[in-house]
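As structure tokens, the structure follows; a few thoughts come after it.
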Amino acid sequence: MKIVRVSLLLIIVLHFSAAGQGPYSLSAIPENVKNKASVVVHLEDINLNVESLDKATWTVHKIFTVVNEEGKGALLFNKPTSKYRSLDEVEIRVYDANGKQVEKIKKKDMASTISGEGLIDEGNVVYYPIRVLSYPVTIDMKYEEKLRSTLDIPYYRFIHKDEGVVESNFTVRAPAEIGLRYKAKNISLEPLVSDDGKYKVYKWTVKNLAPIEYEEGSVGIESRYPYIAIVTDHFYHYGFEGELASWKSFGMWVNDLYKGLDVLPENRKQFFSQLVSDIPDEKEKIRRIYKYLQENFRYVSIQLGIGGLRPFSAEFTDQKKYGDCKGLSNFMRAALKAVGIKSYVAIVNAEYNQEPVDPAFPSNDFNHMILCVPRQTDSLWLECTSSTAEFGVLGTFTENRNALLITEDGGVLVPTPRSRPSSNTLTTVTTIKLADDLSGETTTNFTAKGEYSEIIDDILKEKRDEQKYAIVLYFGFKQPDDFELSRDKDNDRIKLAMIISKVPGFASGSKIFLSPRIHKIWANNLPKADNRKLDFYFRYPFEKTDTTIFKLPAGIKPDAMPKTTELKCEYASYQTKYWFSDKENSIYSVTSLVLKQHKIPASGYASVKKFFDDVIQDDSQKMVVEKTPGEKKAF
């Protein structure tokens, strides 16, 4: 089958001939399109032909030039396949800077690997890394995919990172009765609409798009750049026909997939009844069953089951003691059901820097499943894939979103809880015994909650070299000569003991200069604030508190202490204070840092940037101690 029409090829030839320097010259490209671009798209033509609910074809012809090394990501051809999406034809031609063809690639030349990280999967990834010796290099790429589902129609994404676009076209042919819906995101762009017999034809065109400047720390690339979302009100997926005209109808379809899968055998129902038989309070029953899930089950990524939407049965998950997000959430629902507690699975778009799904545009923009236990005043949300997550706390991976509750009456879009700094706390108390030769033995006790607790738990599981890497580079501790990281089972605190050959930054004569802490309470330089257009995302809001105690050797006394500092902005606060205990011959340094919310509006980012710059500057202060007259010490 010919993927590209002769007329399109003629347009391409005329377009490049006009450049005057070979067929793929950049000289005729508008300056605003190629300026700061690592990739320039000369011409792109995408066609989606929907023949029926279970049969569609997606064809792409794209000619682009990779200008420099920064654009090399565009040289990887990478397409996932599954039971409902197959890659048929592929042809890639590679041209050097002089317009000479240097390589021709077909599908048979490409590699294939199982997609996903889990135990079971339904598809492969077909890929081919195009290797080049120099830049610029131009790629003429054609491929065709067959879709056997209309649930997840690809969106029209016409511009990517560091990319300038001369022209891109997207044409959709679909039966009128299928109910095609579309919505322009981050751009005002309407299609030309016409009728072609029983089909309606939609065509979008963009021209001369300048590269969009990357702003570090903003939302995911797919959400940040302009695109056209495409959805059909009626769809077919893996033999199941459904309706996506509303959240209610889509939730009803998902609910039908789960029917009969939340049932446990009688002996297991009795087990859970016995497990909570001594607890009268419903919330505490939920807590105990959740703890049982965390201690006895493990998460694996499994894409099997109606395109990743239908879980294994609760009985299967119970027997195997593993599952993916939908399998573990469904099992937890079944376990709660066994003791008479109602809960609902909920699908959500996960990742700390994702925006909530659009309430006004029903679509399947979800990639994760959690569990909700509705209650009169304090509905509980449970992340069932984590063995360390705090009971009833989701974390920024799924907080601040719109989740679709799957109920017997259909889908209900509800907000998940908002992130709170008190959910993620880290308290450190460090004692430093400074020796006469300025070496030191240190002990740090960590008390962690939320995200910090999960991070420390992960570090404890690592090998010794990886632990040291995390101690120095993540927590910002001074490089130790030796260390031991352990958990105190009696109080669940984490203890870090270190030996440091030289604690002070430097010494001069009788004066010794000490940093107020042996780890950084904040060490990350935030991106520039000039002309920020997009919101900035931290990983999570937090509260950090540090107390550092320097036990000085005999004959050493403070000479100068850092000033007390208090910094504030709308979204964060920072405080330090210092004092000397003559009785203990010890200096106390106490610091607190609070980030109130993890999403910072673009309009407020400059103040946050300045705040954290000031924190880093304050952290560079030094305490000066010196030997008292008459003392002889070798520094």
Could you check residue 158 against (1) of a type in the set (Phe, Trp, Tyr); (2) farther than 21 Å from residue 37 by Cβ; (3) part of a loop (DSSP other than H, G, I, E, B) and say which number it fails? (2)
Counting only residues that are in contact with a Lys or Arg (Cβ under 8 Å, 6 or more places away or on another chain) and either surrounded by 18 or more Cβ atoms within 10 Å (Cβ to Cβ) or assigned to a helix (DSSP H, G or I) (or both), the range 271-281 contains a total of 2
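Report yes if residue 553 is in the same structural domain as residue 618 (by TED's automatic domain parsing), modelled with pLDDT under 95, buried (at least 17 other Cβ atoms within 10 Å of the Cβ) and under 30 Å from residue 432 (Cα atoms), otherwise no.
Working: in the same structural domain as residue 618 (by TED's automatic domain parsing): yes; modelled with pLDDT under 95: yes; buried (at least 17 other Cβ atoms within 10 Å of the Cβ): no; under 30 Å from residue 432 (Cα atoms): yes.
Answer is no for this residue.
Kindly indicate whether any position in the range 533-555 is within 22 Å of the chain's Cα centre (by Cα), more than 30 Å from residue 450 (Cα to Cα), not small (Gly, Ala, Ser) and not in a strand (DSSP E or B).
Narrowing the range 533-555 to residues within 22 Å of the chain's Cα centre (by Cα): 533-543.
Applying the additional criterion that residues be more than 30 Å from residue 450 (Cα to Cα) yields 533.
Checking which are not small (Gly, Ala, Ser) leaves us with 533.
Those still in the list that are not in a strand (DSSP E or B) too: 533.
Yes, some residue in the range 533-555 is within 22 Å of the chain's Cα centre (by Cα), more than 30 Å from residue 450 (Cα to Cα), not small (Gly, Ala, Ser) and not in a strand (DSSP E or B).
Confirm whether residue 344 is of a type in the set (Phe, Trp, Tyr) and modelled with pLDDT under 95. Walk me through it before giving the result.
On the way: of a type in the set (Phe, Trp, Tyr): yes; modelled with pLDDT under 95: no.
No.
Checking the conditions here, which among 615, 624 is buried (at least 20 other Cβ atoms within 10 Å of the Cβ), of a type in the set (Val, Ile, Thr) and farther than 23 Å from residue 351 by Cα?
On the way: 624 fails: buried (at least 20 other Cβ atoms within 10 Å of the Cβ).
Checking each option against the conditions leaves just 615.
So, restricting to strands (runs of 3 or more DSSP E) that lie completely within the range 43-152, which ones have at least 2 residues that are over 21 Å from residue 232 (Cα atoms) and hydroxyl-bearing (Ser, Thr, Tyr)?
On the way: elements: 55-66, 76-80, 85-95, 101-106, 111-114, 124-129, 137-147.
Those strands (runs of 3 or more DSSP E) span 111-114, 124-129, 137-147.
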Which one is farthest from residue 586 (Cα to Cα), of the residues in the range 425-448 that are among the charged types (D, E, K, R) and surrounded by fewer than 16 Cβ atoms within 10 Å (Cβ to Cβ)? 437
Kindly provide the set of residues from the range 560-583 that are without any contact (Cβ under 8 Å) to a residue 40 or more places away in the chain, surrounded by 15 or more Cβ atoms within 10 Å (Cβ to Cβ) and of a type outside the set (Ser, Thr, Tyr), ordered by number. 575, 577, 580
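Residue by residue, here is whether (1) farther than 30 Å from residue 317 by Cα; (2) assigned to a helix (DSSP H, G or I) holds:
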| position | (1), (2) |
| --- | --- |
| 219 | yes, no |
| 229 | yes, no |
| 242 | no, no |
| 251 | no, yes |
| 261 | no, no |
| 264 | no, no |
| 269 | no, yes |
Failed condition for residue 602, given (1) surrounded by 16 or more Cβ atoms within 10 Å (Cβ to Cβ); (2) hydrophobic (A, V, I, L, M, F, W, C); (3) under 28 Å from residue 529 (Cα atoms): (1)
Quick check: is even one residue across the range 338-345 out of contact with any helix residue (DSSP H, G or I) (no Cβ under 9 Å at 6 or more places or on another chain) and touching a residue at least 24 places away in the same chain (Cβ under 8 Å)? no
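The values are calculated or read from the model by the stated rules, or taken from the named source; none is laboratory data. These numbers were taken from a predicted model, which means no experiment stands behind them. When we count neighbours, we look across all protein chains shown, and the Cβ atoms used for this are built from the backbone with ideal geometry, even at glycine.
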